[in-house]
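Student: Please see the structure below; I have some questions.
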Amino acid sequence: MSGFLDDLSPEQETGLSTLIAKLTNDLPQSGLNDDDLDLWEVSVKDLSKPTKAQKVVLLKFLRAREFDIDKSKDMLLATLKWRKEYNMKGLLSETFDPAFHQAGYLFGKDRKGHPVTYNTYGQLNYDVIFKGGVDTFIRWRIQLMEKAVALLDFENGIERVTQVHDYSGVSFFGMNADVRAASKVIIEKFQDNYPEFLERKFFLHIPTLMEWIFGVLSRLSSARTLAKFSMVGPGSVRSTLLQFIAPTELPAVYGGFDTEVTSQESSAGVERVTIPAGEKKVVEQQIAKESSEIQYEWIVEGAGDIAIGAHVVTDDAATDDKVELKRAENGKNKIKADKTGKLRLIFDNTYSRFTAKQVSYRVTVL
């Protein structure tokens, strides 16, 4: 059995009950105040009638310690004490230099509903971020994790975070020494204090000479955690991420849809169309207003590209023969509609003899 709440063996059920009994006995002698007994907005002060959220949190510690009751209890108590010493409640209200926004951010959710954090190591302003040493960077990264955890829904099965680490732009000769030192501490803190919070972790654009990263991860992470890691080469970033993150939830820099479109009139939302190998498909959308500017975006979900073109027709006699088609994996274009009529989007896959293409597209009247 997996050890999740809806998949417990009788022995695991007993383990959960035993942990609850031990915590009920030991927490009053822990030296922690009632206000210190919150774990991610879930209190473990009163476990007499454990809620679903309380059980989900306790099971995280049990899975992390292979259902060893004493080790799970000790880990949980250590996490409570660390959060108190680290002033976690104060950390959430701390502000950091805008340069940190280049280092990482929260954006969207994966296809299972887990929040996603992005860390972009090649964009770091080292002089600002490490001005006072590594401690500020560590606190900022832990705050980012706390903000992601705050978006979880333990009651409804959303209990983990997906992470994307992008190393594009990092020196061929490796990371800055401060980044290396901070990364080691962060990995240790996450391993010790955020058990079973990782859904999946993607490593993008890893330089060959940065194998030290995986050496550190291998030493500090369990086999179950390591199985969640995916190393992604430059040529497969978009297609890999789109397997796990919908195009509307993926930043544009990784092939997601433009997130800054503000529609003054209407947006048809995201649609999906499958173009079989060797075939062409046309989709239409009504244009109800003259002198409209229309933006269309597309993303091929998977490997390969599609030939695409568009034009505005004002009568049924118009043909698609003279429309220029350009092949691309993803992109966006604008077209002007002087009169009302129809926008015709042409998806041409006739050049692909064996591979069908699934395309997500969005049309927005600006």
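Student: Any idea which of 261, 216 is modelled with pLDDT under 85, in a helix (DSSP H, G or I) and in contact with a Lys or Arg (Cβ under 9 Å, 6 or more places away or on another chain)? Before the answer, list the steps.
Tutor: Working: 261 fails: in a helix (DSSP H, G or I).
Step by step, each of 261, 216 is checked, and only 216 is modelled with pLDDT under 85, in a helix (DSSP H, G or I) and in contact with a Lys or Arg (Cβ under 9 Å, 6 or more places away or on another chain).
A quick yes/no check of all residues on (1) surrounded by 14 or more Cβ atoms within 10 Å (Cβ to Cβ); (2) modelled with pLDDT of 90 or more; (3) among the polar types (S, T, N, Q):
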{"residue": "270", "(1), (2), (3)": "yes, no, no"}
{"residue": "275", "(1), (2), (3)": "yes, yes, no"}
{"residue": "279", "(1), (2), (3)": "yes, yes, no"}
{"residue": "285", "(1), (2), (3)": "yes, no, yes"}
{"residue": "302", "(1), (2), (3)": "yes, no, no"}
{"residue": "307", "(1), (2), (3)": "yes, yes, no"}
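Student: If residue 354 satisfies every condition in (1) closer than 23 Å to residue 237 by Cβ; (2) assigned to a loop (DSSP other than H, G, I, E, B); (3) hydrophobic (A, V, I, L, M, F, W, C) but one, which is the exception?
Tutor: Looking at each condition in turn, residue 354 falls short on (1).
Student: Filter segment 155-172 down to residues that are surrounded by fewer than 20 Cβ atoms within 10 Å (Cβ to Cβ) and among the hydrophobic types (A, V, I, L, M, F, W, C) and give me whichever is nearest to residue 118 (Cα to Cα).
Tutor: 158
Student: Tell me which residues, restricted to segment 1-43, are of a type in the set (Ser, Thr, Tyr) and in a strand (DSSP E or B). Before you say what the answer is, go through the steps one by one.
Tutor: So the first thing to find is which residues in segment 1-43 are of a type in the set (Ser, Thr, Tyr), and the list is 2, 9, 14, 17-18, 24, 30, 43.
Across segment 1-43, the qualifying residue is only 43.
Student: Name the residues in segment 125-161 that are basic (Lys, Arg), closer than 26 Å to residue 178 by Cα and assigned to a loop (DSSP other than H, G, I, E, B), would you?
Tutor: Taking segment 125-161 and keeping what is basic (Lys, Arg), we get 131, 139, 141, 147, 160.
Restricting the remaining residues to those that are closer than 26 Å to residue 178 by Cα gives 131, 139, 141, 147.
Correct list: 131 only.
Student: I'm trying to understand the selection: among the residues of segment 81-117, which are surrounded by 18 or more Cβ atoms within 10 Å (Cβ to Cβ), part of a helix (DSSP H, G or I) and not basic (Lys, Arg)?
Tutor: Correct list: 88, 100.
Student: Can you find, within segment 219-258, the residue that is modelled with the highest pLDDT among those that are farther than 21 Å from residue 185 by Cα and aromatic (Phe, Trp, Tyr)?
Tutor: Checking each candidate, the answer is 244.
Student: Does residue 26 count as farther than 30 Å from residue 176 by Cβ and surrounded by 12 or more Cβ atoms within 10 Å (Cβ to Cβ)?
Tutor: Yes; evaluated as a whole, the condition is true for this residue.
The values are calculated or read from the model by the stated rules, or taken from the named source; none is laboratory data. Just so we're clear, the structure is a prediction, and the values are computed from it rather than from any experiment. With ideal geometry, Cβ positions are generated from the backbone for all residues, glycine too; neighbour counts draw on all protein chains shown.
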